[in-house]
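I have placed the structure first, in the form of structure tokens, so that the comments after it can refer back to it.
The values are calculated or read from the model by the stated rules, or taken from the named source; none is laboratory data. Because the structure is predicted, anything quoted here is derived from the model rather than measured. Glycine gets a Cβ as well: all are built from the backbone with ideal geometry, and neighbour counts include every protein chain shown.
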Amino acid sequence: MAGTDDEAVAAADDALYVLTAVLLTPAQFPSVLGDDYPEACAALDLAPRADGYGLVLGQDGDGARWTVVIDDVSLVAVAIASWDCGMEYELSPDERAVVTALPGWPLAVAVAAPGVPAPHDPPAEAAGRPALSPPDTGSWGPAQRRLGADEIALQWAAWREQIDDADFAAPGERVRAAESAPAGGAGASSGGHAGVRRVLAEARAYVDSPPPLGRVRSSFAPGEARTLRADGPGWSIVARTDDIAFVLLDEEPGEVLPVGRGPELPGLLEALDKMAVRPL
């Protein structure tokens, strides 16, 4: 476990106004931080603890941004669940649960604490390390690719309705999605796309040689289906186990490449789902 910087923790604990919180576990972690759980932990200089962490994002009395890492994962999970249900929940971690306090926020936060200065990075002498910051959304790269996959998973129905299954009739053919498609750009393709073939081959290899923890994750979906998420070097897959898949590539900025079920995709998705980590 990463050592605690006493000065940074003291600064962050001094009247920390909690704005939001996220989980950092093998099954649920901010994908902007990496393709898998160990990579996400490394981005924050944390050891990949088996039970994971909770990340509490807030401001101190001077308005400085802080990310407080705690090992009480269940506390953060209860807070997130309460907020998602529209309920109030005061997240006040016990100081004994604090692992470290990191300057800045790794994610974009749209709100600010009332009655304190606007959010800003803490002074370098108090921080002890460069401040965390969300990825630049103005350019395409691994973080933006993973964020795009997050958006598809959250807005599956909106993306799925843009795709006519007839698009898969001509392998390798690409068309632009309808103008009403969600922001981010989209294209239609089938398994005939060279990049998609490579991604599917690498995903199949995961079945025989398990990748780092968190590269393949499974979460709830309507009915009997699961939402499947797989990431790898330069690519992300989002799929429903009873439907199609979407592929995003680092080398194809802003493009979303749908993959029809065909004869092979159902078996691949089933195998990946069996090996995937799942939320507790």
**Close pairs (7 angstrom Cβ cut-off, 6 or more residues apart or separate chains): over 13 Å from ARG65 (Cβ atoms) in region 113-142, assigned to a loop (DSSP other than H, G, I, E, B) anywhere** = GLY128/ASP5; TRP140/PRO253; TRP140/GLY254; GLY141/ASP250; PRO142/ASP250
**Complete:** Within region 201-226, residues more than 19 Å from PRO38 (Cα to Cα) and buried (at least 20 other Cβ atoms within 10 Å of the Cβ) come out as ARG226
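Only one of ALA64, ALA79, ALA50 is within 18 Å of PRO30 (Cβ to Cβ) and not charged (D, E, K, R); which? Reasoning before the result, please.
Details: ALA64 fails: within 18 Å of PRO30 (Cβ to Cβ); ALA50 fails: within 18 Å of PRO30 (Cβ to Cβ).
It is ALA79.
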**Fill in**
Those residues of region 30-46 that are surrounded by fewer than 22 Cβ atoms within 10 Å (Cβ to Cβ) and in a helix (DSSP H, G or I) come to a total of 5
**Prompt:** In region 11-29, how many residues are in contact with a strand residue (DSSP E or B) (Cβ under 7 Å, 6 or more places away or on another chain), hydroxyl-bearing (Ser, Thr, Tyr) and in a loop (DSSP other than H, G, I, E, B)?
**Reply:** 0
**Request:** Taking GLU251 as the residue in question, decide whether it is touching a Gly at 6+ places or on another chain (Cβ under 6 Å) and not assigned by TED's automatic domain parsing to the domain that holds ARG49.
**Result:** no
**Item:** Residue check, ALA143 exposed (fewer than 13 other Cβ atoms within 10 Å of the Cβ), within 27 Å of SER219 (Cα to Cα) and modelled with pLDDT of 90 or more
**Value:** no
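Rundown of residues vs (1) at pLDDT 95 or above; (2) more than 19 Å from the chain's Cα centre (by Cα), yes/no style:
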residue: VAL196; (1), (2): no, yes
residue: GLU202; (1), (2): yes, yes
residue: TYR206; (1), (2): yes, yes
residue: LEU213; (1), (2): yes, no
residue: SER218; (1), (2): yes, no
residue: GLY223; (1), (2): no, yes
residue: THR227; (1), (2): yes, no
residue: GLY232; (1), (2): yes, no
